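Written out below as structure tokens is the structure these notes cover.
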Amino acid sequence: MSHRLACVALTGTLCASALSCTGARPESHFQIAREVAVKTLSAQVTAVPREKLATTHHPGCPVPRERLRLVRMNHWGFDGTVHRGELVVHEDVVAPVLRAFGKAFDARFPIRRMRVMDEYGGSDTAAMADDNTSAFNCRQVTGDPGRLSRHSWGDAIDINPVENPYVDVGGTSHPPNGNAHLDRGSARPGMITPDGVVTRAFREIGWYWGGRWSPPDYQHFSEQGG
């Protein structure tokens with residue numbers, strides 16, 4: 001539905017709930033409608049500026065720069081307000097990724113921050129410790145060197161790493177400040193659960209959740225199973 005139609009629909013609903021719009025200032029209804037319309041994903045997709053790939057793309061990466069896209073979108077924060085974030089993903093997954101994040105946004109699922117990995121110098125360790133939600137990063141698997149991470153293809157996303165830590169083959173939690181969230185018995189804000197809105201949203205677009213693996217990677221979603 002377009003924002004204009006949404007505004008009209010919302011105005012009609014407001015009038016109906018009040019039983020009458022007589023004497024009301026029309027602009028007040030449209031102001032409310034505009035404020036609601038702003039609280040959407042409002043995604044913008046562009047080519048990725050070279051400076052945003054300075055430390056995350058290098059010779060030997062499996063995906064050329066021109067196949068990557070910068071996605072700017074809104075997300076709810078842990079403070080209950082809307083923030084603007086950025087992800088770099090493969091061009092082929094832009095549409096499904098936006099569908100999944102759109103459903104998370106509608107449910108007001110909180111995301112701590114969403115910055116491109118170049119802001120962390122390509123360091124997955126630093127990004128996880130900062131609870132950063134990220135996607136493309138041409139790198140080895142954290143905790144399992146010698147194997148190329150699925151993030152190198154731009155079709156994998158890590159969400160709220162502190163609330164959803166990754167456990168490597170040696171049993172170590174990544175990031176270390178995510179240890180308190182290894183107990184998945186009670187859901188807390190930002191945690192991804194087997195039947196929660198985020199898991200369902202990504203399942204609907206055909207992506208896999210790493211929380212079902214052994215050992216688990218609770219933060220990870222990818223188009224491929226690895």
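The values are calculated or read from the model by the stated rules, or taken from the named source; none is laboratory data. These numbers come from a predicted model, not from an experiment. Heads up, the Cβs are rebuilt from the backbone with ideal geometry, glycines too, and the neighbour counts pull from every protein chain shown. Ligands, DNA and RNA are excluded from the accessible area calculation, which covers all protein heavy atoms including side chains. Shrake-Rupley method; radii C 1.70, N 1.55, O 1.52, S 1.80 Å.
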> Which of the residues spanning the range 101-128 are of a type in the set (A, V, I, L, M, F, W, C), buried (at least 18 other Cβ atoms within 10 Å of the Cβ) and part of a loop (DSSP other than H, G, I, E, B)?
Replying inline: 109, 111, 116
> What residue, of 47, 54, is of a type in the set (A, V, I, L, M), out of contact with any helix residue (DSSP H, G or I) (no Cβ under 7 Å at 6 or more places or on another chain) and within 22 Å of residue 138 (Cα to Cα)?
Replying inline: 47
> What number of residues in the range 167-187 are modelled with pLDDT under 95 and either assigned to a loop (DSSP other than H, G, I, E, B) or closer than 30 Å to residue 47 by Cβ (or both)?
Replying inline: 11
>> With the structure loaded, tell me whether residue 152 is at pLDDT below 95 and either touching a strand residue (DSSP E or B) at 6+ places or on another chain (Cβ under 9 Å) or surrounded by fewer than 16 Cβ atoms within 10 Å (Cβ to Cβ) (or both) or whether it fails that test.
In response: no
>> Would you confirm whether or not the range 188-195 contains a residue that is out of contact with any helix residue (DSSP H, G or I) (no Cβ under 7 Å at 6 or more places or on another chain) and hydrophobic (A, V, I, L, M, F, W, C)?
In response: no
> Does any residue of the range 214-225 turn out to be closer than 22 Å to residue 88 by Cα, at pLDDT below 95, out of contact with any Leu (no Cβ under 8 Å at 6 or more places or on another chain) and not charged (D, E, K, R)?
Replying inline: yes
> Only one of 215, 176, 165 is open to solvent by less than 70 Å² (accessible area, probe 1.4 Å) and either out of contact with any Asp or Glu (no Cβ under 7 Å at 6 or more places or on another chain) or aromatic (Phe, Trp, Tyr) (or both); which?
Replying inline: 165
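Listed here are the residues, each with its yes/no results for (1) in contact with a helix residue (DSSP H, G or I) (Cβ under 8 Å, 6 or more places away or on another chain); (2) hydroxyl-bearing (Ser, Thr, Tyr).
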position: 133; (1), (2): no, yes
position: 177; (1), (2): yes, no
position: 201; (1), (2): yes, no
position: 218; (1), (2): yes, yes
> How many residues are more than 13 Å from residue 166 (Cβ to Cβ) and either in contact (Cβ under 8 Å) with a residue 40 or more places away in the chain or not in a helix (DSSP H, G or I) (or both) if we restrict to the range 199-218?
Replying inline: 8
>> Within the range 138-147, does at least one residue satisfy the condition of being open to solvent by less than 20 Å² (accessible area, probe 1.4 Å), of a type in the set (A, V, I, L, M, F, W, C) and touching a residue at least 12 places away in the same chain (Cβ under 8 Å)?
In response: yes
> Of all residues in the range 56-100, which are assigned to a loop (DSSP other than H, G, I, E, B) and surrounded by 13 or more Cβ atoms within 10 Å (Cβ to Cβ)?
Replying inline: 56, 57, 61, 63, 77, 78
